[in-house]
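The values are calculated or read from the model by the stated rules, or taken from the named source; none is laboratory data. Computed from a predicted structure; not experimentally measured. Glycine gets a Cβ as well: all are built from the backbone with ideal geometry, and neighbour counts include every protein chain shown.
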Amino acid sequence: MRDKIAEGEKKAATERRKQGIQLLGRRGVLSQRWNAHLGTREPRRKLSPRVACKNTWARVEALQRNQAFIDRYREARADHLAGRAAIFPAGTWWLHRFAGVKRAEASATSPPS
């Protein structure tokens, strides 16, 4: 077993040398600060996990409703900032409650935004 482990480590070291990858080693690891972090961030996924659903069509419908809400909200916000009368979509609670903006009433047939 030890021979196989040593063989695997040797192969890995050879691959690292070929690719120009260097390891920190024991001293390098111990000399790091305990709260050190990378200066760059890893690329994140492009998906926004706002909707989780086993049924693909239900998920697509929910994503479309979310996008429609965002589109209506952006349009109302642009109107509001330009000084025009704006009606925000149903579900805009905070601005309605604390900033006094008008919002559309939620209909009984449409799911909540």
Worksheet item: Which number in (1) within 18 Å of SER107 (Cα to Cα); (2) loosely packed, with under 11 Cβ neighbours inside 10 Å; (3) in contact with a helix residue (DSSP H, G or I) (Cβ under 9 Å, 6 or more places away or on another chain) marks the one condition that TRP93 misses?
Response: (3)
Response to the item:
Exception for PHE69 within (1) touching a residue at least 12 places away in the same chain (Cβ under 8 Å); (2) loosely packed, with under 10 Cβ neighbours inside 10 Å; (3) aromatic (Phe, Trp, Tyr) falls at (2)
Worksheet item: Does GLN64 satisfy the criteria of being within 30 Å of LYS102 (Cβ to Cβ), of a type in the set (S, T, N, Q) and either without any contact (Cβ under 8 Å) to a residue 24 or more places away in the chain or loosely packed, with under 12 Cβ neighbours inside 10 Å (or both)?
Response: yes
Item to complete: Output the qualifying pairs, or none if there are none: Cβ atoms under 9 angstrom, residues six or more apart or on different chains, first residue in the range 90-109 and under 17 Å from ASP71 (Cβ atoms) and among the polar types (S, T, N, Q), second residue surrounded by 13 or more Cβ atoms within 10 Å (Cβ to Cβ) and modelled with pLDDT under 90.
Response: THR92/SER113
Practice prompt. Name, by its number, the condition in (1) touching a helix residue (DSSP H, G or I) at 6+ places or on another chain (Cβ under 7 Å); (2) surrounded by fewer than 10 Cβ atoms within 10 Å (Cβ to Cβ) that does not hold for LEU81.
Written response: (1)
